[in-house]
Amino acid sequence: MADPKKRYDIIIRKLRENGQKITPQRMAIVKILSESKGHPSVETIHARIKQDFPTMSLATVYRNIVVIKSLGEVLELGFPDGSNRYDGNQPAPHPHVICIKCHKIVDPDLDSLDEMTEEVSRETGFKILNHRLDFFGICSVCMAEKG
Ligand SMILES: [Zn+2]
Ligand SMILES: [Zn+2]
């Protein structure tokens with residue numbers, strides 16, 4: 001996991017460089033994204049923001065995320081049911097492990113990823129630019145609850 005404080009500073013600086021106003025609401029969204037504990041959805045971020053900014057709408061949170069995404073500073077994890085989740089702590093593509101029961105998402109630390117990318121490239125002749133690698137399963141908490 002990247003240092004949330006550093007990620008926060010980088011995202012705020014990028015916003016500034018792109019002529020975006022840094023409002024307290026925007027700072028609060030960036031703070032949550034830079035920590036990205038559990039890869040929050042827009043709804044989760046909105047619920048947290050509302051504690052400090054009760055008038056802030058879901059649409060405003062969404063618009064802010066779109067801006068930050070356009071700067072390449074948040075990774076969007078799209079799912080077929082539309083329940084997108086966000087990682088502002090690690091905006092570069094990386095593998096995820098997803099619990100199919102509680103929808104927890106964690107970042108595994110894989111040593112073999114570079115090797116795998118090279119193998120894919122060798123195998124197909126492609127120059128690899130990006131990847132999506134999701135592992136689906138049942139987390140240890142959900143496993144303990146079964147039965
Ligand atoms: Zn689970
Ligand atoms: Zn992640």
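Quick note: the coordinates plus some simple rules give every number you see, no bench work behind them. Here the structure is a predicted model, which is why all the values come from computation and not from measurement. All Cβ positions, even for glycine, are placed from backbone atoms using ideal geometry, and neighbour counts span all protein chains on display.
Within the stretch 96-144, how many residues turn out to be loosely packed, with under 11 Cβ neighbours inside 10 Å and either in contact (Cβ under 8 Å) with a residue 12 or more places away in the chain or within 16 Å of ligand 1 (Cβ to nearest atom) (or both)?
Within the stretch 96-144, residues that are loosely packed, with under 11 Cβ neighbours inside 10 Å and either in contact (Cβ under 8 Å) with a residue 12 or more places away in the chain or within 16 Å of ligand 1 (Cβ to nearest atom) (or both) number 5.
Output the residues belonging to the stretch 78-95 that are surrounded by fewer than 20 Cβ atoms within 10 Å (Cβ to Cβ) and within 16 Å of ligand 1 (Cβ to nearest atom).
Matches in the stretch 78-95: PHE79, SER83.
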